Amino acid sequence: MLRVLAVDDEEPALEELLYLLRADPRISSAEGATGATEALRRIGAAVEAGPDDPAAIDVVFLDIHMAGLTGLDVAQLLAGFAAPPLIVFVTAHEGFAVQAFDLKAVDYVLKPVRRERLAEAVRRVAEQVGDRSAPVLDTAGDQIPVELGGVIRFVPIDDITYAEAQGDYARLHTATGSHLVRVPLTTLEERWRARGFVRIHRRHLVALGRIDELRLDAGSMSVRIGSAELAVSRRHTRALRDLLMRQTGR
């Protein structure tokens with residue numbers, strides 16, 4: 001059973017969110033705060049009291065645009081706590097999904113809040129809270145938020161085979177489809193270097209372990225990943241070949 005704090009400086013929106021949360025049988029208590037200062041005070045007291053205290057908070061459903069401190073500011077401050085509650089952002093603005101990704105949010109729900117979408121967010125929270133012995137999923141390292149038909153979903157990075165630059169955006173390719181995200185390819189390159197992603201061209205970043213074939217033809221190189229064949233630029237050819245050689249131990 002989850003203990004919830006909902007935070008929104010617009011009282012009608014807060015009351016509607018609390019109504020929906022309290023109707024969910026997985027939630028034992030849902031209280032509201034009308035601003036960041038009140039929320040931080042209550043969360044600080046709950047963390048200090050410990051997880052077994054009646055005032056403990058498992059998850060904060062947090063609006064982003066608020067007077068004074070924003071929801072993103074609150075999340076950044078909570079990141080400094082020893083054992084902070086989980087965070088679900090609830091906002092009318094889809095453009096902050098990347099920041100949510102960086103701040104390790106469990107989910108990102110768009111307003112107006114639909115009952116079934118909120119239920120999905122509660123399910124994700126319940127999964128993490130349900131097993132206290134398991135480490136909390138680090139979304140900044142393991143998932144990336146993508147927008148699908150007005151809904152934000154989190155795609156495991158391990159499912160991504162390669163990323164393709166499209167201006168200031170990147171298209172992420174998986175075995176089952178592709179997703180456009182508002183993140184430049186250079187940013188993904190920096191974040192995912194330690195996860196085995198390598199730049200092979202100004203347009204492409206690939207998962208090294210997903211390369212099926214390396215092809216050489218008249219001095220030019222390409223790689224095959226599934227059904228896609230991607231050119232390797234001359235400036236990246238030697239580095240990629242060296243990486244693949246080290247990977248195979250040759």
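The values are calculated or read from the model by the stated rules, or taken from the named source; none is laboratory data. Predicted model only: the values in this text are computed from it and were never measured. Positions of Cβ are generated from backbone atoms using ideal geometry, with glycine treated the same way; all protein chains shown enter the neighbour counts. These accessible areas exclude ligands, DNA and RNA; they are computed on the full protein's heavy atoms, side chains included. Shrake-Rupley method; radii C 1.70, N 1.55, O 1.52, S 1.80 Å.
Side notes on the structure shown:
- Rough spin-label spacing in nm, given labels placed 7 Å along Cα→Cβ, for ALA231 and ARG215: 1.3 nm
- Cα gyration tensor category, rounded, prolate or oblate, for segment 63-134 with a/c compared to 1.5: oblate
- Computed over protein heavy atoms with a 1.4 angstrom probe, the accessible surface ordering of SER178, SER227, SER28, SER222, largest first, is SER227, SER28, SER178, SER222.
- Of the two radii for the chain, the radius of gyration is 1.07 times the Kirkwood radius, both from the alpha carbons; that is the Rg over Rh value.
- Overall form of segment 8-145 per C-alpha gyration tensor (a/c, 1.5; a/b vs b/c): rounded
- In this structure, GLU48 and GLU11 have a Cβ-Cβ separation that, at R0 = 25 Å, corresponds to a calculated FRET efficiency of about 0.35.
- Pairwise FRET efficiency - ALA119 versus LEU243, Cβ, R0 = 51 Å, nearest 0.05: 0.70
- Heavy-atom surface of segment 48-118, accessible at 1.4 Å and reported per residue (Å²): 45 Å²
- With R₀ set to 41 Å, the beta-carbon distance separating GLU190 from ALA23 gives a calculated FRET efficiency near 0.45.
- Cα gyration tensor shape for segment 1-60, rounded if a/c is under 1.5, else prolate or oblate: oblate
- Rolling a 1.4 Å probe over the protein heavy atoms of the chain, with every protein chain left in place, gives an accessible area that is 50 percent carbon and sulfur.
- Centroid-to-centroid separation of segment 180-250 and segment 14-70 [C-alpha atoms, Å]: 44 Å
- The DSSP beta bridges internal to the chain are antiparallel in roughly 65% of cases.
- When LYS111, LYS104 are compared by accessible area at a 1.4 angstrom probe, the order from most to least is LYS104, LYS111.
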